[in-house]
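Every read-out reported here was derived from the displayed coordinates using simple, explicitly stated rules and does not represent laboratory data. Model, not experiment: these values are computed from the prediction. Neighbour counts are summed over all protein chains in view; Cβ atoms, including those assigned to glycine, are modelled from backbone coordinates with ideal geometry.
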Amino acid sequence: MAVRIELWIDCRVVDGAEQWWDDIEAALAADDREAEFPMLGRVDAYGDVLFEREELGALAADVRRFMSHAPESVRPFLERLTELCEAGGRGTGAELRFLGD
């Protein structure tokens, strides 16, 4: 399933990305990794999840730690996701929205 990520700052979309979530979901499910990466574990490929500005640092930290467990094919996306978290952390009224199918 594809997940669209939108960075909202001051009530408008300023950036985003899209990624098939299957490989990430499979890597998280391996050996019960959801507990190790609670922020990433909140993302649902079939639903919507909102991370507020105050949560973006923790999400970025989760993503960085997860990189060594992730398939090589999704690492560029994970780097992009970290960039979106950092950009949102610098903005006021920022939200990072994950929109599943």
*Kindly indicate whether any position in the range 6-15 is assigned to a helix (DSSP H, G or I) and within 12 Å of the chain's Cα centre (by Cα).*
no
_Checking the structure you have, find out if any residue of the range 29-47 is farther than 19 Å from Asp101 by Cβ, over 10 Å from the mean Cα position of the chain (by Cα) and small (Gly, Ala, Ser)._
yes
*Determine whether Leu84 is surrounded by 14 or more Cβ atoms within 10 Å (Cβ to Cβ), in a helix (DSSP H, G or I) and not charged (D, E, K, R).*
yes
*Cβ-Cβ under 9 Å pairs, at least 6 apart or on other chains, the range 88-99 side in contact (Cβ under 8 Å) with a residue 24 or more places away in the chain, far side acidic (Asp, Glu) and in a loop (DSSP other than H, G, I, E, B)*: Gly91/Asp10; Thr92/Asp10; Gly93/Asp10; Ala94/Asp10; Phe98/Asp44
